[in-house]
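This report concerns only the one structure given below.
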Amino acid sequence: MKKTAENKGFYTIMGALILVIASTAFFVYKLMSNKAYYERWKDYDECGIV
C-alpha cells in the first residue's frame, strides 16, 4: 500500500516538473521568435514603410 502512495507522489512531482520545463521552453521560444521578428523588420521601421 505504501509503494502506491510513493508512486503517486513521484508521478505528481514529475508531471509538475515537466509542465514547468515545457512552459519555460515555450516562453523562451516566443521570446526568441519575437526578437528575430523585430530584428528582421527593424530596417523598415526606420524608412517609414510600416
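Quick one: is residue 13 at pLDDT 90 or above, open to solvent by 100 Å² or more (accessible area, probe 1.4 Å) and among the β-branched types (Val, Ile, Thr)? The answer is yes for residue 13. The number of residues in segment 16-30 being open to solvent by less than 100 Å² (accessible area, probe 1.4 Å) and not β-branched (Val, Ile, Thr) comes to 6.
The values are calculated or read from the model by the stated rules, or taken from the named source; none is laboratory data. From a predicted model like this one, the values you see are computed outputs, not experimental measurements. These accessible areas exclude ligands, DNA and RNA; they are computed on the full protein's heavy atoms, side chains included. Shrake-Rupley method; radii C 1.70, N 1.55, O 1.52, S 1.80 Å.
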